[in-house]
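Engineer: Quick one: this structure, given as structure tokens, is what I'll be asking you about.
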Amino acid sequence: MTAVNADIAVGRRTTPRVRDVAELFKPVTWFPPMWAFACGAVSAGAASEGRGRLLVTGLLVCGPLVCASSQAVNDWFDRHVDAINEPGRPIPSGRVPGRWGLYLAIGWSLVSALVATTLGRWGFLATLLGLALAWGYSAPPLRFKQNAWIGNLAVGISYEGLAWITGAAIMLGGAMPGPRILAMAALYSLGAHGMLTLNDYKAIEGDRLMGIKSLPATLGPTRAARVAAATILLPQLVVIGLLFAWGHPVAACLVASLAAVQVVLMAEFIQHPIERALWYSALGVPFSVLGMMVAAVAVRSA
């Protein structure tokens, strides 16, 4: 299909297949918020006895529910851009026909909020805020993604910060997490801003045509790569400093070692940003992800 026909049912199908809905929900994207939730649960330092059901529910809410909802919302409101960048995606290809993409986004958001009512006050409020950010990121009139500085921060807060806080709150019996946990959640939310820029390299052409101000589209590939690298690295340097200040030198050194590996990989990414964006996402980001758990364990021990 060369034009977007998301508003018109494709003649040969009027309902989407399960596998096409699964593709719309992008399971590969569920890992970051689920990992952040796990880090938050670990950082709380509380025993898990009696909280198994809540932990499983929290993981489901962060990944297969809220994150999946955000992917459906994004694909629906990005269907015109995807028709240029990724015409094979479920909506522009017609495999999720008519307005099914919108119905799935709304329905799965409502299911997410309903399930989140079992997570206690802070878990429920964090879920509602995450859903609000997901809709605000993609849907007009807000459409935060029109400006990458705002949009990437909104996603970083939703995927990392809120998920981390939710995991900690559940382990703390619904209490608001302390300042050290909130600091870790905030710093890794900022780091996620740079990671999200990596995903924008595949859509430079479509973003420019549709007026979406992603960093690669507005700053150019090389400058955007430098900004992304700095945004990923600087919060980790603050984490290292805080861990030293809080009396966790071993954890600080471990996070520093993981950051050093990232610096080496970042140099290659900056030299060849378009070719190496997904390469760095696959090889470099996991070292930051490992650092999250190291920091969570250190905060737990406090």
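Engineer: Return yes or no: is ALA83 more than 14 Å from the chain's Cα centre (by Cα), among the aliphatic types (A, V, I, L, M), closer than 19 Å to TRP135 by Cβ and modelled with pLDDT under 90?
Structural biologist: Taking the combined requirement at face value, the residue does not satisfy it.
Engineer: Can you tell me which residue in region 189-217 is surrounded by the fewest Cβ atoms within 10 Å (Cβ to Cβ), limited to those that are assigned to a helix (DSSP H, G or I) and among the β-branched types (Val, Ile, Thr)?
Structural biologist: ILE204
Engineer: Separate question: Go through region 8-48 residue by residue and tally those that are assigned to a loop (DSSP other than H, G, I, E, B), at pLDDT 95 or above and of a type in the set (Ser, Thr, Tyr).
Structural biologist: Residues in region 8-48 being assigned to a loop (DSSP other than H, G, I, E, B), at pLDDT 95 or above and of a type in the set (Ser, Thr, Tyr): 0 in total.
Engineer: Would you call SER43 of a type in the set (Gly, Ala, Ser), out of contact with any strand residue (DSSP E or B) (no Cβ under 8 Å at 6 or more places or on another chain) and crowded, with 23+ Cβ neighbours inside 10 Å?
Structural biologist: It is true that SER43 is of a type in the set (Gly, Ala, Ser), out of contact with any strand residue (DSSP E or B) (no Cβ under 8 Å at 6 or more places or on another chain) and crowded, with 23+ Cβ neighbours inside 10 Å.
Engineer: Condition test on ALA302, is it surrounded by fewer than 21 Cβ atoms within 10 Å (Cβ to Cβ) and either touching an Asp or Glu at 6+ places or on another chain (Cβ under 6 Å) or modelled with pLDDT under 95 (or both)?
Structural biologist: Criteria met by ALA302.
Engineer: Could you list, in sequence order, the residues of region 25-60 that are more than 17 Å from GLN71 (Cβ to Cβ) and among the charged types (D, E, K, R)?
Structural biologist: Of everything in region 25-60, those that are more than 17 Å from GLN71 (Cβ to Cβ) and among the charged types (D, E, K, R) turn out to be GLU49, ARG51, ARG53.
Engineer: Still on this structure, I have one more. Quick test for you: out of LEU104, LEU65, LEU59, LEU131, pick the one residue that is in contact with a helix residue (DSSP H, G or I) (Cβ under 9 Å, 6 or more places away or on another chain), crowded, with 20+ Cβ neighbours inside 10 Å, farther than 22 Å from ALA168 by Cα and modelled with pLDDT of 95 or more.
Structural biologist: After ruling out the rest, the residue left standing is LEU104.
Engineer: Only residues that are in contact with a helix residue (DSSP H, G or I) (Cβ under 7 Å, 6 or more places away or on another chain) and outside any helix (DSSP H, G or I): list them for region 247-298, please.
Structural biologist: HIS248, GLY284
Engineer: Which one of these is aliphatic (A, V, I, L, M), part of a helix (DSSP H, G or I) and within 28 Å of PRO16 (Cα to Cα): ALA132, ALA154, ALA126?
Structural biologist: Matching residue, one of ALA132, ALA154, ALA126: ALA132.
Engineer: Looking at (1) within 28 Å of TYR201 (Cα to Cα); (2) of a type outside the set (Gly, Ala, Ser); (3) touching a Leu at 6+ places or on another chain (Cβ under 8 Å), can you tell me which one VAL294 breaks?
Structural biologist: Here VAL294 meets the rest and fails (1).
Engineer: Right, another one. Which is aliphatic (A, V, I, L, M), in contact with a Pro (Cβ under 6 Å, 6 or more places away or on another chain) and modelled with pLDDT under 95, of ILE204, ILE212?
Structural biologist: ILE204
Listed here are the residues, each with its yes/no results for (1) modelled with pLDDT of 95 or more; (2) buried (at least 24 other Cβ atoms within 10 Å of the Cβ); (3) touching a strand residue (DSSP E or B) at 6+ places or on another chain (Cβ under 7 Å).
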| residue | (1), (2), (3) |
| --- | --- |
| THR127 | no, yes, no |
| TRP135 | yes, no, no |
| PRO140 | no, no, no |
| ASN147 | no, no, yes |
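Engineer: Something else about it: List, please: which pairs have Cβ atoms under 6 Å, are six or more places apart or on different chains, and start with a residue in region 192-216 that is in contact (Cβ under 8 Å) with a residue 24 or more places away in the chain and end with one that is part of a loop (DSSP other than H, G, I, E, B) and crowded, with 24+ Cβ neighbours inside 10 Å?
Structural biologist: Close Cβ pairs satisfying both conditions: ASP200/SER214; ASP207/SER214.
Engineer: When you check LEU243 against the structure, is it at pLDDT 95 or above, over 30 Å from ILE84 (Cα atoms) and crowded, with 22+ Cβ neighbours inside 10 Å, yes or no?
Structural biologist: yes
The values are calculated or read from the model by the stated rules, or taken from the named source; none is laboratory data. Note that the structure is predicted; figures quoted are calculated from it, not measured. Positions of Cβ are backbone-derived with ideal geometry, glycine not excepted, and every protein chain shown enters the neighbour counts.
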